[in-house]
Amino acid sequence: MKLSCCAYSYRSLLTEGKMTLESFLDTCVRLGFDGVELTQYYFPTETDDYLNNLKREVFGRGLEVSGTAVGGNFSNADADARQKQIEHVKDWLVKSTRLGSPVLRVFAGGQPEGVDKETAEGWVKDGLAQCAEVAAECGVVLGLENHGGLTASAEGVLPLLEPFADNPWVGLNLDFGNFTGDIYGQYAQCAPHTVTTHAKVTVRQGDGRELVDYRKVVAIMHEAGFNGYLAIEYEERDDPVIGVDRFAAYLRGCIVDA
C-alpha cells in the first residue's frame, strides 16, 4: 500500500488563501507522500491550461495523482438538479483524465423527505450508470464514497454497487471514518469492492469519537487483495500541518508491520 494526502486535509488553509494547491504539493513532498488527492472545491480555476500546469507540477515533484474528488448528490429529488449533478461528475471525469487521475470520488446523497428509500436508491444507481459510460471512455474509475445518507453503513452502500459487479469502472471509495458500530466488520464487507480509500484518525461511536486501529485496517485490506492508496483525510481539530505528519508516520508503521 502507498500513502496519499487529500487536499481536503488542509481545507481551512486552502479556503483562507494561506495555501495554494501548488504549496499543498510542496507540503506533501516534504512529508514524504507518494500521491495526492486533488479536491475540486479548492481549484482556483478549471481551465485546460490550469489543469495541464497542475499535472506538470505534480509530476515535477515526483508525486502521483492518486485520485480526484467532487461533491454531488445523485439522489436529489429535483430531476433537473439531479441531472445537473450527473453532468458535473461527467465533466470531472474528463478533467480527471487531463490531470492523470485514475479515480474520481463521488457521493450518493441521502433519502429526501417524502421519497421512499427504493426510489432514492434507484436515482443513485441511474446516476452511477450514466456516469459509468463516461468513466469507461475516460479511463477513470468512479469511487462511490460511504458518506452518510444512503451510504452510512455497509448495508446501505453495497446494494448501490450491486448492479456494477461486472463493471470495472465503478467501485467503492472506502472511508474508514464514516461508519459506526461494528466498523471492522463493515470494512471487511466493503474491502473486496474498494478501489481507493480515505483514512481518518477517528470514527464516530455513540456520542464521541474513537481512534481507528489501522493495523487491523491494513490487515483487512491486505486480506482482500487491496494494494492501493491510503489517502489521509485529516479532520481533527489540531493544526493539520502537524497532525497530518504525525498520522502519516503512524500509518507507515502500520503498513510496515502488516
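All of the numbers you see were taken from the coordinates with simple rules; none came from a lab. Just so it is clear, the structure is predicted and the values come from calculations on it, not from any experiment. Neighbour counts run over all protein chains shown; Cβ positions are idealised from the backbone, glycine included.
Structure data summary
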{"read-out": "Ranked list, fewest to most other Cβ atoms within 10 Å of each Cβ, for 59, 164", "value": "59, 164"}
{"read-out": "Rough spin-label spacing in nm, given labels placed 7 Å along Cα→Cβ, for residue 239 and residue 202", "value": "2.0 nm"}
{"read-out": "Among 85, 130, 205, residue whose mean-square fluctuation peaks in a GNM of the chain (springs only between Cα atoms under 10 Å)", "value": "205"}
{"read-out": "Linear extension gain, residue 2 paired with residue 29, 0.36 nm per residue minus alpha-carbon span", "value": "8.3 nm"}
{"read-out": "Positive dipole terminus of the stretch 2-247, leading residue within 211, 130, 172 (C-beta point charges)", "value": "211"}
{"read-out": "Computed E for residue 91/residue 115 - FRET, C-beta separation, R0 25 angstrom, nearest 0.05", "value": "0.45"}
{"read-out": "Pairwise label distance in nanometres, residue 257 with residue 50, each label 7 Å out on the Cα-Cβ vector", "value": "4.2 nm"}
{"read-out": "Separation between Cα centres of the stretch 137-195 and the stretch 59-121, rounded to whole Å", "value": "14 Å"}
{"read-out": "Of 2/90; 55/95; 90/125, pairs whose Cα-Cα distance is over 18 Å", "value": "2/90"}
{"read-out": "Helix-only CD estimate at 222 nm, as mean residue ellipticity for the chain, using -39500 (n - 2.57) per DSSP H run (n ≥ 4)", "value": "-14000 deg cm²/dmol"}
{"read-out": "The chain: relative contact order in percent, alpha carbon pairs under 8 Å with at least 6 residues between", "value": "19 percent"}
